[in-house]
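Undergrad: Sharing a structure, written as structure tokens. Questions coming.
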Amino acid sequence: MDLSSDYFRCAGLFFLLTLSACGGGSGGTSVVEWPISSTVYTTVEQQVLPVAIPVSTPLINPKDVPFYAQYGYSAWQTGAGLPVVLRAELAPGRNPAALPVARLLSFFAMTDIHITDKESPAQVNYFGWNASYGASSAGLSSAWSPVVVSTTQVLDAAVQTVNALHKKTPFDFGISLGDTINNDQYNELRWYIDVLDGKVISPASGDQVGAYQIDYQRPFKAVGLDKSIPWYQTLGNHDQFFLGSYYETDKTMQAHIGSEVINIANNPVIAPGNIAATGAYMGVVDGSSYYGDVVGAGPQGNFAVPPTVVADVNRRALATNTSSSLNWMSEFFVTTSNPPGHGFSANNLLNDFASYSFVPKSNIPIKVIVLDDTCKGNAQPAYALGCLDQPRLNWLTAELQSGQNNNQLMIIAAHIPINPYNSLTDPAQGNFSFFRQPGFTDASLLAVLHNYPNLMLWISGHRHVNVVTPQPYDPAQLGQGPENSFWEVETASLRDFPQQFRTFDIRRNSDNTVSIIVTNVDPAILPGTPAAASRGYAIGAARIFGANDVIRQDTRSHAYNAELVKQLTPQMQFIIANYGLLLP
């Protein structure tokens, strides 16, 4: 069943407080709500599975959104749950008969939400909108896909799903792993924080066309994260750079707040020279159109005068000429949920330094190190790659050494992964190297991390995939053993298929190893809502941009659930032996 179809969206199956959002009515002004399904599952219990498309299905282009459902590109169904895979290769000392004894920590992680102001004249919609079937190799779906129309509603559905899971098994905290917003804009960040705070969101900008006729444009009341769950924030590249790839310039900063649609080189490569040049207008989403059509886009020669929109000062760039992160961090103090600053402190603002650490539970010796591993300063070669300068490396090693000295198990939360597997199913394809700081690589960072046997886990986003990578110790390093190994866990994006977040359940076992149970969760959507439409759009876009029969026939959930076993030093085994909430 395709729950994103026009029938379901316009059959009145969603819960509105006023007029139907499918085009009826002529100006209702009440706020709506978007509830989720009353039944919530993790992917262990039930998976969202795309429905295979026959090879004879007509090929369509990304912008042919009305045909996604007609030809089955957006079709999905639910299926049996995905088993938890036992991964014990980093713990050769594990007792196979060991049982879980106590829960040490439980948390959730979301990442790459990409809250998007779809009507901003500073987006680069044209490259995705104008793409042909099979354009994924160029990464054009990140420029535009139909999911951009409802990013706030998808986040709201995910938050409601977290709340429902929290009632079953309480979370100790939640963390967002970066790329909360798409394009370094003030209004995008306010929408993000306000969804988590449970405020009213007006997800349109400028003249807010369609705000009371089109469902994805309507002001809505977010439910907000359960106030008993503290949540923390990590910095990503899209949070601070133009489209996540380019330091803001006078041209791009003016485009954010101006009325003229940005004009850049007619070349779908986000590079400094192409951003500075001209050749094509990038267009905006027409919020009065049912499918979110892009208008004002195309080669410069097609326009007698530049296309314009109503300017909006709330679209302003958060980055400045002197700092890409200070204004972004400051907004996390304007919140009604906990903790104030969401991990950032006055010292972070004073020093313009976006890394920090915290202890989630005072009675459990586990420390979370939130690391800003994005590039800093102007004129960097590639802002989507990982970077650690010497001050941040010094800070990281000091935090790791402090955790080691204080007998704390440790988790590093960062936006960009370190040397992850290229493929979930075929590790033989090798690992992907991200760190490009001069004189510093993935290998050199791993050499540092393996010096700290209490490091359990590195968690990240950035690649929009669910991948688990073992990071084994180097046997050639004197004094190191299996305890010096750790796990790396990547979580998929809420923007793109499979639109999932993760839960982490850390348990002490009877042999005093630690198991980290990682589980993917699909937001529990209701038919007829913008979040339901977005799921179909995400599946359809993955297939249409993906461009081959293998992808068209792919019926996997792209989730990955696993139990990751960590071996501890004898000292930590003794220390941890009596910690945790006993399991039934």
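The values are calculated or read from the model by the stated rules, or taken from the named source; none is laboratory data. These numbers were taken from a predicted model, which means no experiment stands behind them. FYI the Cβ positions are ideal-geometry reconstructions off the backbone, even for glycines, and counts take in every protein chain you see. Surface areas here come from the heavy atoms of the whole protein model, side chains and all, with no ligands, DNA or RNA. Shrake-Rupley method; radii C 1.70, N 1.55, O 1.52, S 1.80 Å.
Undergrad: Per q in 0.31 Å⁻¹, report the Debye log10 I(q)/I(0) for the range 319-376, using one uniform scatterer on each alpha carbon and no solvent.
TA: Log-scaled intensity ratios, in q order: -1.30.
Undergrad: In vacuo Debye scattering of the range 244-312, one point per C-alpha: log10 I(q)/I(0) at q = 0.12, 0.23, 0.25 Å⁻¹?
TA: Results for the range 244-312 at q = 0.12, 0.23, 0.25 Å⁻¹ read -0.32, -1.10, -1.22.
Undergrad: Something else about it: Zone of PHE333 (label point 7 Å along Cα→Cβ, backbone N under 12 Å): which residues in the range 163-195?
TA: Counting only backbone N, you get no residues.
Undergrad: Taking H as built 1.01 Å from N, whose amide H comes closer than 5 Å to the amide H of ALA413, not counting residues under 5 places away?
TA: Those qualifying (amide H under 5 Å, at least 5 residues apart or on another chain) are ILE369, VAL370, LEU371, ILE459.
Undergrad: Another question, if that's okay. Compute the label zone of THR169 within the range 549-584: residues whose backbone N is under 12 Å from the point 7 Å along Cα-to-Cβ.
TA: 562-563, 583-584
Undergrad: To continue, here is another question. In the range 286-402, with Lys and Arg counted as +1 and Asp and Glu as -1 at Cβ, which of these residues, SER355, PRO306, THR322, has the Cα nearest the positive end of the dipole, that is, farthest along it?
TA: Going by the charge dipole, the pick is SER355.
Undergrad: While we're on this one: Please give the charge dipole size of the chain, origin at the Cα centre, charges +1 on K and R Cβ atoms and -1 on D and E Cβ atoms. Round to the nearest 20 debye.
TA: Once rounded to the nearest 20, the dipole reads 800 debye.
Undergrad: What residues from the range 439-466 fall in the zone where the backbone N is under 11 Å from a label point 7 Å along the Cα-to-C-beta line of LEU478?
TA: The answer is none, because no backbone nitrogen lies closer than 11 Å to the label point.
Undergrad: Can I ask one more? Please report, in whole Å, how far the alpha carbons of the range 62-116 spread along each principal axis, starting with the longest.
TA: In descending order, the Cα extents are 55, 28, 20 Å.
Undergrad: Too long at a 31 Å Cα-Cα cut-off: which of LYS168/LYS367; LYS199/LYS566; LYS199/LYS361; LYS63/LYS227?
TA: LYS199/LYS566; LYS63/LYS227
Undergrad: If you wrap the chain's Cα atoms in a convex hull and average its projection over all directions, what's the area in nm²?
TA: Its average projected convex-hull area is 25.4 nm².
Undergrad: Between LEU59 and GLN571, what is the label-point separation in nm under the 7 Å Cα-to-beta-carbon projection?
TA: 6.1
Undergrad: Could you work out how far apart the two model spin labels at GLN553 and VAL84 are, taking each label as a point 7 Å from the Cα in the direction of the beta carbon, and quote it in nm?
TA: For GLN553 paired with VAL84, the spin-label model returns 3.4 nm.
Undergrad: I've got another one for you. Taking the solvent-accessible surface of protein heavy atoms with a 1.4 Å probe, what is the per residue accessible area of the chain in Å²?
TA: It amounts to 35 Å² per residue over the chain.
Undergrad: Then there is this: With a sphere of radius 12 Å drawn around the Cβ of GLY139, what net charge do the other residues whose Cβ falls strictly inside it have (Lys, Arg +1; Asp, Glu -1)?
TA: Computed value for this residue: 0.
Undergrad: Something else about it: If you restrict to DSSP beta bridges whose two residues both lie in the chain, what percentage is antiparallel, to the nearest 5?
TA: Antiparallel bridges make up about 65 percent of those DSSP assigns within the chain.
Undergrad: So, in nm, how far is label ASP352 from label SER510 when the simple model puts each one 7 Å beyond its Cα toward the Cβ?
TA: 5.6
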